[in-house]
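Below: one structure, written as structure tokens.
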Amino acid sequence: MSWTSVQLLVDRQFKEHARLYYISLLLLAGLLSFMFLLIHNWRDSFSGAVENGVFLIGLFLSGGLFTNSMFKEFSNKPEGIWLLNIPAGSFEKLLSAVLLSAVAFLAVYLGVFFLIDGLYLSFSDQERGVFEIFQNGFHEFIYLYLIFNGLILLGRVTFIKHSFLKTMVLIIAGVILLNLFNNAMLEYMIPDLNVTSSMPFNSFQFRHLGENIHVLLPSSARASFMPVLWVLLPVALWGITWLKIKEKEI
Amino acid sequence: MIRINQLSYQYSRKKEILSGLDLEMASGKIYGLLGKNGAGKSTLIRNIAGTLFPTQGSCQVLNYEPKRRQISFLKELFFVPEECFLPNLSISQFIDIYAPYYPHFDEEQYQVYLNQFLVDPQQHLHALSFGQKKKLMIGFALAANTRLLIMDEPTNGLDIPSKVLFRNMVTDAIRPDKLVLITSHQVRDLDELITDLIIMDQGEVLLHETKKDISSNLLFQVAENPSQNTGLLYEEKQAQGWTQILRNPMGMENRVDIELLFNAMLNNRAIISTALETASKPELI
């Protein structure tokens, strides 16, 4: 693998879409400002850490759309042939896309989010401090974003047309199926419980004598397998994407 | 340089585009690949360029297997597809980004081509017309100095002066270690350019000969009336009279009418092939 080649590919992707990226950056700042304005105006209607919601909506929406701009050449024959024939390896092409859509995007997104959050705090009468990403394990959503990034990239090289929509439909269907499977497994393992909600790899809630009881996976268990999941899953998805690029025919 | 052995390609189980194709191409030559729409030309060159993979058989190019798309192979290949894609960049940005991928890229040579094609190097690629884009891409492809240059319908969209320039540029760019493969519907555009001719139809190679061999074995002529000559192989009525292909037992030097030969191969392959094969075999005394 050649870093010069990766650098050239990153440069190529950025310069070819520079105008779109600058406009998107302004749009992202506008969207975040609008959402902060919204929660400020309706602050009495919202409770809890609403900025967490703003952070996640912004992250997954803009991150998904930005990631989907990688390998967009594959949806058009002449562009796809052009991309495949650039003298760089499939791995280098994938790595440049991951560096831009995961690493660079996260850095830019965090920068923009904290800037808008900071501005919002300075202009509003909010008593809270600056948004803390490492509080209550919220940073795990960053790992979740990496999985999401892997899925969008995989969808991009798999589907020729409307890849983003198709991938999103599959992701939503997958999440629903995973939840249904999780509930079915819970009912199978603990048949007498009245499970009201559950979250795979995390917790479930059931009603007992009129009270909701929340059961969390022991932190030691989560600590032992979650990092594996957070690392292995995105790497596996990027790996499959790499193989798909290698096998791509146009 | 290119060795194709029993190559078949199917888009689906029912749709076979290439079937058991055998072909060898050597460096130092300019090959013209001709065929009707749907003959399999584009599929063949995309197999050679590594953007399609053979369903059966093998394809070796510069001792590489194109489907593996190794970086060293891609650095020695430039493929200009029929529909050129040019990114959203200025010409200078385009050079800055893409020239470093090609170790033998010659920027001075590229500037000369742009000047000859009258393309303003300050322009933005998306502001160029279809013909200008094609010129720019052809110029880049030639300046990349790759050992294998494949061009699919390169003269589409070029005006008449640019077609002449194109022919001169390709002729000047050919080197002993380089192979140029050009497909075209516009047979006359390749007339003066190619050294070898490949005619394809329905996924098969009908003819693969050097132009020199064709010229020394077949005689192309225009006559006012249909020929009564026993050596006549094929004739057709055209505006200027009857264009004819005859046997050329004396090996008279003459200009190959590629368009006529192409029609003859499609309409009467067996007779032309037999004439070429018989002529190429030395007579036993």
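The values are calculated or read from the model by the stated rules, or taken from the named source; none is laboratory data. Given the structure is predicted, the values throughout are model-derived calculations rather than measurements. We place every Cβ from the backbone using ideal geometry, glycine too, and count neighbours over all the protein chains shown.
Listed here are the residues, each with its yes/no results for (1) at pLDDT 90 or above; (2) outside the structural domain of B:G32 (by TED's automatic domain parsing); (3) in contact with a helix residue (DSSP H, G or I) (Cβ under 8 Å, 6 or more places away or on another chain); (4) closer than 14 Å to B:F94 by Cβ.
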| site | (1), (2), (3), (4) |
| --- | --- |
| B:F105 | yes, yes, yes, yes |
| B:Y113 | yes, yes, yes, yes |
| B:L118 | no, yes, no, no |
| B:Q123 | no, yes, yes, yes |
| B:G131 | no, yes, yes, no |
| B:R147 | yes, no, no, no |
| B:D152 | yes, no, yes, no |
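Determine, yes or no, whether B:F53 is facing chain A (nearest Cβ under 9 Å), surrounded by 20 or more Cβ atoms within 10 Å (Cβ to Cβ) and outside any helix (DSSP H, G or I). Answer is no for this residue.
Here segment A:84-132 is the region considered, the condition is being of a type in the set (V, I, T) and farther than 28 Å from A:T4 by Cβ, and the residue that is nearest to the other protein chains (Cβ to nearest Cβ) is A:V112. Within segment B:58-68, the presence of a residue that is out of contact with any strand residue (DSSP E or B) (no Cβ under 7 Å at 6 or more places or on another chain), of a type in the set (S, T, Y), modelled with pLDDT of 95 or more and buried (at least 20 other Cβ atoms within 10 Å of the Cβ) is excluded. In this structure, A:S198 does satisfy being among the hydroxyl-bearing types (S, T, Y), without any contact (Cβ under 8 Å) to a residue 40 or more places away in the chain and in contact with a helix residue (DSSP H, G or I) (Cβ under 7 Å, 6 or more places away or on another chain).
Residues in segment A:116-140 that are surrounded by 16 or more Cβ atoms within 10 Å (Cβ to Cβ) and not charged (D, E, K, R): how many? The number of residues fulfilling the criteria is 4.
Candidates in segment B:62-117 are the residues that are of a type in the set (S, T, N, Q) and out of contact with any Leu (no Cβ under 8 Å at 6 or more places or on another chain); of these, the one that is farthest from the other protein chains (Cβ to nearest Cβ) is B:N115. Looking at this structure, is B:S129 among the polar types (S, T, N, Q), over 21 Å from A:K15 (Cβ atoms), surrounded by fewer than 16 Cβ atoms within 10 Å (Cβ to Cβ) and more than 10 Å from chain A (Cβ to nearest Cβ)? In short, yes.
Being over 29 Å from B:E192 (Cα atoms) and buried (at least 18 other Cβ atoms within 10 Å of the Cβ) is the filter here, so list the residues in segment B:1-32 that pass it. Scanning segment B:1-32 gives B:L7, B:Y9, B:I17.
Across segment A:60-83, which residue is surrounded by the fewest Cβ atoms within 10 Å (Cβ to Cβ) among those that are part of a helix (DSSP H, G or I) and away from every other protein chain (no Cβ under 14 Å)? For segment A:60-83, the residue satisfying everything is A:L61. Screening A:L26, A:L20 for residues that are within 14 Å of chain B (Cβ to nearest Cβ) and surrounded by fewer than 19 Cβ atoms within 10 Å (Cβ to Cβ) leaves exactly one candidate, A:L20. For the criterion of being under 23 Å from the mean Cα position of the chain (by Cα), surrounded by 19 or more Cβ atoms within 10 Å (Cβ to Cβ) and modelled with pLDDT under 90, B:L158 passes. Taken over segment B:213-253, the criterion of being part of a loop (DSSP other than H, G, I, E, B), of a type outside the set (G, A, S) and surrounded by fewer than 15 Cβ atoms within 10 Å (Cβ to Cβ) is satisfied by B:E224, B:N225, B:P226, B:Q228, B:N229, B:T230, B:Q240, B:P249, B:M250, B:M252, B:E253. Just a yes or no: is a residue in segment B:267-284 more than 17 Å from B:I198 (Cα to Cα) and charged (D, E, K, R)? So far as segment B:267-284 goes, yes, one or more of its residues are more than 17 Å from B:I198 (Cα to Cα) and charged (D, E, K, R).
No other residue among A:L193, A:L180, A:L170 is exposed (fewer than 15 other Cβ atoms within 10 Å of the Cβ), of a type outside the set (K, R) and over 13 Å from the mean Cα position of the chain (by Cα) apart from A:L180. With respect to B:R13, determine if the residue is part of a strand (DSSP E or B), more than 11 Å from chain A (Cβ to nearest Cβ) and either under 17 Å from A:N85 (Cα atoms) or basic (K, R) (or both). Taking the combined requirement at face value, the residue does not satisfy it. Inclusion of B:L23 among residues that are under 11 Å from B:E204 (Cα atoms), in a helix (DSSP H, G or I) and either out of contact with any helix residue (DSSP H, G or I) (no Cβ under 6 Å at 6 or more places or on another chain) or of a type in the set (G, A, S) (or both) is not warranted.
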